[in-house]
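S.K.: Questions regarding the structure given below will be posed in turn.
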Amino acid sequence: MAKKNDFSSLKIAKEIKQRIEEEFPTLMALATTPPDEVVRRCEINKSSAERAVHQARKLIGMSEPITAAELLEKRMTKPRITTSSQQLDEILGGGIAVGAITEFSGAFSTGKTQLAFQLCINVQQPLEEGGLNGKALFIDTENTFAPTRVAEMSYSYTDEPKEFLENIFVTRAYNADHQIQIVQKADRLIQTNEIRLIVVDSMASHFRAEFPGKDNLPRRQQMLMAHAETLQRLAESYELAIMTTNQILSNPDSIFSGSGSLEPALGFAWGHRPTHRILLRKSRGTIRIARIFDSPELAEREAVFHITPQGIRDGPPLDY
Ligand code: GTP
Ligand code: MG
């Protein structure tokens with residue numbers, strides 16, 4: 001389904017087909033991309049792009065509706081990436097979902113980056129151990145990727161951390177435009193390397209720094225929406241998980257119940273995009289509390305986890 005790759009059935013000129021195949025490794029990737037983006041990326045005219053996209057959609061049966069029962073079956077059988085904390089996995093419905101964007105928000109030191117590192121290791125585990133047998137792409141906007149820490153965490157699984165480090169592709173994003181471009185150009189990297197997890201740590205920093213204040217808001221929102229759309233497309237086309245991190249803001253008018261006045265940054269335009277949103281907060285010492293904050297299918301529950309030298313682990317049970 002998602003990995004269908006038979007471009008030979010497309011009835012379009014050979015030269016155009018070649019250009020499209022260079023940019024889009026699967027029919028699903030082509031079928032889910034807006035024709036305008038195909039025009040830009042492949043440097044072909046609009047009618048050819050539309051023809052190619054429409055044919056790709058038909059070939060993979062993308063517009064055929066499925067029943068809610070089939071949808072449920074699909075969701076239930078989708079693999080998830082374990083967080084290495086059973087409690088946290090449980091409130092997430094079994095771990096980090098593929099085909100969706102999962103956002104972790106929290107103040108500094110709440111464990112967002114540590115969780116991201118743990119997922120980069122765990123995605124490489126076999127299915128029966130809570131992984132996806134795949135690799136990770138880590139988009140680092142704050143220059144905080146720490147290979148020594150990832151190596152330290154991987155000692156729980158291997159004496160040879162290099163094996164794990166070799167399966168994590170790290171790209172430093174220098175500004176918002178660069179961050180967007182990395183994601184837009186990720187198709188080939190994902191397909192060639194069997195990437196099943198993309199981390200964006202953090203989603204917010206460049207956008208907030210480069211587009212401050214009300215005057216810049218429309219432009220920022222527009223860029224964020226397009227960026228989110230590309231991420232969601234990748235999640236669905238390649239059945240991979242997307243984990244983003246976000247900062248939090250104090251908003252006395254917050255409409256989110258139970259969050260105090262704290263809510264994730266980037267406002268409503270971005271806020272609608274992640275499928276699951278989780279808020280992290282500190283407890284004593286190395287203990288952290290995760291709370292499902294906004295999700296169409298997960299209840300508003302909390303879980304406790306520990307940041308240990310070995311990585312993320314279960315915390316003590318909640319005492320309420
Ligand atoms: P910001 O990026 O600043 O917003 O914070 P964050 O939420 O990404 O925090 P991060 O995940 O970087 O760190 C959370 C906590 O993990 C820190 O307060 C430390 O207690 C712990 N931590 C970070 N690095 C290490 C490490 O190498 N070993 C151990 N044992 N703990 C660490
Ligand atoms: Mg961080």
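Only the coordinates and a few stated rules stand behind these numbers; no lab work does. Because the structure is predicted, anything quoted here is derived from the model rather than measured. When we count neighbours, we look across all protein chains shown, and the Cβ atoms used for this are built from the backbone with ideal geometry, even at glycine.
S.K.: Starting from the eigenvalues of the Cα gyration tensor, five times each then square-rooted, give me the equivalent ellipsoid semi-axes of segment 1-50, largest first, whole Å.
M.R.: Working: eigenvalues 51, 31, 16 Å².
Semi-axes (√(5λ), whole Å): 16, 12, 9.
S.K.: Also, I was wondering about something else. Straight distance only, please: which lysines reach the Cα of Lys14 with their own Cα at less than 18 Å, same-chain residues fewer than 8 apart left out?
M.R.: Qualifying lysines at Cα under 18 Å: Lys46.
S.K.: In the chain, if the dipole is taken from +1 on Lys/Arg beta carbons and -1 on Asp/Glu beta carbons about the Cα centre, which of Gln191, Ala116, Leu127 is farthest to the positive end?
M.R.: Working it through, the farthest residue towards the positive pole turns out to be Gln191.
S.K.: Report the FRET efficiency, 1/(1 + (r/R0)^6), for Ser250 and Lys14, where r is their Cβ-Cβ distance and R0 is 45 Å, rounded to 0.05. Mind showing how you got there, number by number?
M.R.: Details: r = 58 Å, r/R0 = 1.29.
It comes out at approximately 0.20.
S.K.: Here's something else I'd like to know. Please work out the Cα convex hull volume for segment 42-91 and give it in Å³ per residue. List each step's numbers first, then the result.
M.R.: Values: hull volume 7.5 nm³, N = 50.
With only Cα atoms used, segment 42-91 gives 150 Å³ per residue.
S.K.: Out of segment 171-247, which trypsin sites (Lys or Arg not before Pro) are coil in DSSP terms and have no more than 13 other C-beta atoms within 10 Å? Working shown, then result.
M.R.: Working: sites: Arg172, Lys185, Arg188, Arg196, Arg208, Lys214, Arg219, Arg220, Arg233; in loops: Lys185.
The qualifying sites are Lys185.
S.K.: Each residue of segment 46-60 in turn: what ³J(HN,Hα) in whole Hz from Karplus with 6.51, -1.76, 1.60 and θ = phi - 60°, glycine and Pro shown as x?
M.R.: Coupling constants for segment 46-60: 5, 5, 5, 5, 4, 4, 4, 5, 5, 5, 4, 4, 5, 4, 9 Hz.
S.K.: Let me see the P(r) profile for segment 257-316: every Cα-Cα distance counted, bins of 5 Å, each bin given as a percent of all pairs.
M.R.: Answer for segment 257-316: a P(r) of 4, 16, 23, 23, 17, 12, 5, 0 percent.
S.K.: Here's a follow-up. Give the Debye-formula value of log10 I(q)/I(0) at each listed q (0.14, 0.16, 0.23 Å⁻¹), with one equal scatterer per alpha carbon of segment 154-253, two decimals each.
M.R.: Debye output, listed in q order: -0.64, -0.79, -1.28.
S.K.: Taking the square root of 5 times each eigenvalue of the Cα gyration tensor, what semi-axes in Å does the equivalent ellipsoid of the chain have, largest first? Before the final figure, lay out each step's value.
M.R.: Values: eigenvalues 219, 104, 76 Å².
Semi-axes from the Cα gyration tensor: 33, 23, 19 Å.
S.K.: Tell me, Tyr157, Tyr238 in order of fewest to most beta-carbon neighbours within 10 Å?
M.R.: On the way: Tyr157 18, Tyr238 24.
Listing Tyr157, Tyr238 from fewest to most nearby Cβ atoms yields Tyr157, Tyr238.
S.K.: So if a site counts as exposed when it's one of the GluC sites (Glu not before Pro), its DSSP state isn't H, G, I, E or B, and it has at most 15 other Cβ atoms within 10 Å, what's the longest stretch of the chain without one? Present the calculation step by step, with values, prior to reporting the outcome.
M.R.: Working: sites that count: Glu43, Glu142, Glu166, Glu194, Glu297, Glu300.
The longest uninterrupted stretch comes out as 195-296.
S.K.: Dipole magnitude of the chain about its Cα centre, charges +1 at Lys/Arg Cβ and -1 at Asp/Glu Cβ only, in debye to the nearest 20?
M.R.: On the way: 38 positive and 41 negative charges, 124 e Å.
Approximately 600 debye in magnitude.
S.K.: For each of Ile121, Ile248, count neighbouring Cβ atoms within 10 Å of the residue's Cβ, then give the residues from fewest to most. If you can, show how the numbers build up before the last one.
M.R.: Numbers: Ile121 26, Ile248 20.
Fewest to most other Cβ atoms nearby, the residues stand as Ile248, Ile121.
S.K.: Right, something else. What distance in nm lies between label points placed 7 Å from Cα along the C-beta direction at Glu90 and Glu236?
M.R.: With each label placed 7 Å out from Cα toward Cβ, I get 3.3 nm.
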